[in-house]
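What follows is a short report on a single structure.
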């Protein structure tokens with residue numbers, strides 16, 4: 001029985017190890033690469049893709065850093081104040097599922113999220129890679145999901161070494177930024193929210209909306225009451241009153257254009273946080289967590305909390 005259990009455990013571990021992004025082969029002429037994805041499937045891709053479509057918001061800025069030849073990106077990227085920087089000013093914005101527009105771009109590689117109801121339609125147009133928002137066994141950045149997805153895209157675009165180099169350089173810069181902000185941040189805790197039509201959304205680490213800048217780079221702490229909220233009820237939709245017992249020194253709130261009125265006051269009064277410590281952020285800009293966005297968000301937050 002023990003031997004059987006051990007074999008099951010080993011099988012699970014082996015499957016897990018084999019289900020992460022990596023190159024597994026290349027054609028004799030070097031034109032086609034084969035990669036293993038996190039879904040344990042092998043996909044053939046062009047070694048040097050020239051017309052890449054990116055349906056995940058996180059991939060636009062990362063592809064720009066990697067020097068990818070991007071033909072179009074997710075339409076959500078257009079809402080960011082940094083959109084021209086994320087696309088190089090050349091890529092089109094494409095709505096998810098717009099198959100006619102997609103065909104017109106004649107892509108040679110499509111990268112999308114999972115699950116995607118249009119997957120089979122995409123596969124008829126070009127080689128398509130689905131990516132989970134999760135960590136990867138072979139990523140050198142492990143729990144830092146935003147850097148793991150830079151690395152995964154590097155594998156897909158045949159720029160793995162460059163992705164690792166960019167990630168390493170960022171970690172050095174992030175350390176310097178953390179030191180610059182330490183006199184304000186050290187010992188302080190933070191909560192990250194977004195304002196929605198029917199309430200608020202609460203975010204944990206590595207889920208966009210400034211969480212990478214707040215928690216990973218600047219090292220704001222998470223109060224034990226917030227940790228308990230995550231543990232007992234999880235992140236996600238919240239009525240502000242549900243968070244009354246959660247302690248936090250700062251609250252960062254992403255709000256849509258035109259939706260700022262009264263938010264600072266409501267959050268301050270309900271959560272008992274000083275109004276100056278309720279920091280409003282631009283929703284379209286902060287929802288993204290590619291590395292360009294995280295860097296710009298960090299610099300902007302540092303200015304806001306001075």
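What follows draws every value from the coordinates through simple rules; no lab data is involved. None of the values given here were measured: they were computed from a predicted structure. Here the Cβ positions follow ideal geometry from the backbone for every residue, glycine too, while neighbour counts run over all protein chains shown.
To the nearest ten degrees, helix 2-18 and the longest principal axis of the Cα atoms of the chain are 90 degrees apart. Start at zero, step by 5 Å, and the Cα-Cα distances of region 187-304 spread as 2, 12, 25, 27, 21, 11, 2 percent across the bins. In this simple spin-label model, placing a label point 7 Å from the Cα along the Cα-to-Cβ direction at both residue 196 and residue 34 gives a separation of 4.3 nm. Largest first, the extents of the alpha carbon coordinates of the chain on the three principal axes equal 64, 58, 38 Å.
Using bins of 5 Å that start at zero, the share of Cα-Cα pairs per bin across region 20-166 amounts to 2, 10, 21, 24, 23, 14, 5, 1, 0, in whole %. Tell me, what is the FRET efficiency for residue 276 and residue 175 to the nearest 0.05, using R0 = 45 angstrom and their Cβ-Cβ distance as r? Rounded to the nearest 0.05, the efficiency is 0.95. Every helix of 4 or more DSSP H residues in the chain counts as -39500 (n - 2.57), and over all residues that averages to -11500 deg cm²/dmol at 222 nm. Across the chain, C-alpha contacts under 8 Å between residues 6 or more apart give a mean separation that, scaled by the residue count, equals a relative contact order of 15 percent.
Relative to the dominant Cα principal axis of the chain, helix 291-304 is inclined by about 10°.
If the chain between residue 121 and residue 299 were fully stretched, how many nm would it gain, using 0.36 nm times the residue separation less the Cα-Cα distance? Show your work: numbers first, answer last.
Details: separation 178, 0.36 × 178 = 64.08 nm, distance 4.02 nm.
So the chain would gain 60.1 nm between residue 121 and residue 299.
Taking only C-alpha pairs under 8 Å that are 6+ residues apart, what is the relative contact order of region 241-298 in percent? Mind showing how you got there, number by number?
Values: 60 pairs, mean separation 22.4, N = 58.
Normalised by residue count, the contact order of region 241-298 is 39 percent.
For helix 57-66, what angle does its Cα long axis make with the longest principal axis of the chain, in degrees from 0 to 90 and rounded to 10? The angle comes out near 70 degrees.
Sort the following peptides by mean Cβ neighbour count (other Cβ atoms within 10 Å, averaged over residues), highest first: 220-233, 54-67. If you can, show how the numbers build up before the last one.
Values: 220-233: 15.3, 54-67: 25.0.
The densest-packed peptide leads the list: 54-67, 220-233.
Between residue 188 and residue 98, the contour length at 0.36 nm per residue exceeds the alpha carbon distance by 27.9 nm. Between residue 249 and residue 23, the simple spin-label model (points 7 angstrom out along Cα→Cβ) gives 4.6 nm. Where both bridge residues fall in the chain, DSSP classifies roughly 40% of the beta bridges as antiparallel.
For region 17-87, dividing the convex hull volume of the Cα atoms by the residue count gives 96 Å³ per residue.
Using Cα pairs under 8 angstrom and six or more residues apart, how large is the relative contact order of region 70-208, in percent?
Details: 118 pairs, mean separation 16.1, N = 139.
Once normalised by length, the contact order is 12 percent.
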